[in-house]
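The values are calculated or read from the model by the stated rules, or taken from the named source; none is laboratory data. What you see is a predicted model, and the numbers here were worked out from it, not measured in a lab. With ideal geometry, Cβ positions are generated from the backbone for all residues, glycine too; neighbour counts draw on all protein chains shown.
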Amino acid sequence: MGNKIVKIKKGDLVKVVLGKDKGREGKVEAVYKKKNAVLVPTLNLYKRHLKGGQGQKSGIYEVPRPINVSKIMLICPNCKKITRVGFKIEKKEKFRVCRKCNKRI
Ligand SMILES: [Zn+2]
């Protein structure tokens, strides 16, 4: 079967297209392949009450939760549009392309 190439990678700029953060953008910090989700530190924030200790104050903190990839789309670094990710194979190398401008991403 081989390894499935991931559509979204760490460092990608993404835009939320569904859910409470719809329209917001952020940079992917981590990818959870098995869960089909990504972590963006500025998105999908939930308030959590944390107890203090070890130099940390207690209080309410906003912590990001992973977002399912179905709720986000990639922002192409070339054309700056939100796009689906396509794939191309050239010289046995597989890479991602923007479906809007067809450039490698
Ligand atoms: Zn593009």
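So the values come out like this:
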quantity: Residue list for segment 7-37, restricted to those being of a type outside the set (D, E, K, R) and either over 12 Å from the mean Cα position of the chain (by Cα) or farther than 21 Å from Cys79 by Cβ (or both); calculated: Leu18, Gly19, Gly23, Ala30, Val31, Tyr32, Asn36, Ala37
quantity: Cβ-Cβ under 6 Å pairs, at least 6 apart or on other chains, segment 70-81 side modelled with pLDDT of 95 or more, far side polar (S, T, N, Q) and within 8 Å of the ligand (Cβ to nearest atom); calculated: Leu74/Thr83; Cys76/Thr83
quantity: Residues that are within 14 Å of the ligand (Cβ to nearest atom), charged (D, E, K, R) and farther than 26 Å from Thr42 by Cα, drawn from segment 65-98; calculated: Lys88
quantity: For Tyr46: the one exception among (1) within 23 Å of Val16 (Cβ to Cβ); (2) among the aromatic types (Phe, Trp, Tyr); (3) within 16 Å of the ligand (Cβ to nearest atom); calculated: (3)
